[in-house]
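Taking it in order: structure first as structure tokens, then the write-up.
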Amino acid sequence: RVWTTMPNVEGMMIDDALNLLYSRNIAPCICYEYTYAAESAGMLDGMVFKQDIPQGWRWNSDACVHIWVFVAKTK
């Protein structure tokens, strides 16, 4: 087991967020979702708008971490 400090990936594009998480031995479960609140907040398609482990918490990298990625509505 590796214990690591959870970074803040909210507001990052998914590729940048994954690179940061993988560099800390964290492999997240990715949830893709459209929400009106994220759209109203100006989130771009492919941007992380939520994570379930707060920034700064020490976390066991063998455990599951979830991040939510905004998906814009198709026209």
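The values are calculated or read from the model by the stated rules, or taken from the named source; none is laboratory data. The structure presented is a predicted model; accordingly, all values stated were derived computationally and were not measured. Note: ideal-geometry Cβ built from the backbone for every residue, glycine included; neighbour counts use all protein chains shown. Surface areas here come from the heavy atoms of the whole protein model, side chains and all, with no ligands, DNA or RNA. Shrake-Rupley method; radii C 1.70, N 1.55, O 1.52, S 1.80 Å.
Is it the case, given these coordinates, that Asn8 is open to solvent by 80 Å² or more (accessible area, probe 1.4 Å) and either over 18 Å from Asn60 (Cβ atoms) or in contact with a strand residue (DSSP E or B) (Cβ under 7 Å, 6 or more places away or on another chain) (or both)? So Asn8 fails the test. Which pairs do you get when a residue that is open to solvent by 80 Å² or more (accessible area, probe 1.4 Å), found in segment 21-41, comes within reach of a residue that is outside any strand (DSSP E or B) and at pLDDT below 90, reach meaning Cβ atoms under 6 angstrom, with the pair 6+ apart or on two chains? Pairs that qualify, where the first residue is open to solvent by 80 Å² or more (accessible area, probe 1.4 Å) and the partner is outside any strand (DSSP E or B) and at pLDDT below 90, are Asn25/Val2; Asn25/Ser61. Across segment 47-71, the number of residues qualifying as open to solvent by 40 Å² or more (accessible area, probe 1.4 Å) and either in contact (Cβ under 8 Å) with a residue 60 or more places away in the chain or assigned to a loop (DSSP other than H, G, I, E, B) (or both) comes to 8. For segment 21-50, the candidate set comprises residues that are among the aliphatic types (A, V, I, L, M) and more than 10 Å from the chain's Cα centre (by Cα); within that set, the residue that is nearest to Asn60 (Cα to Cα) is Ile26.
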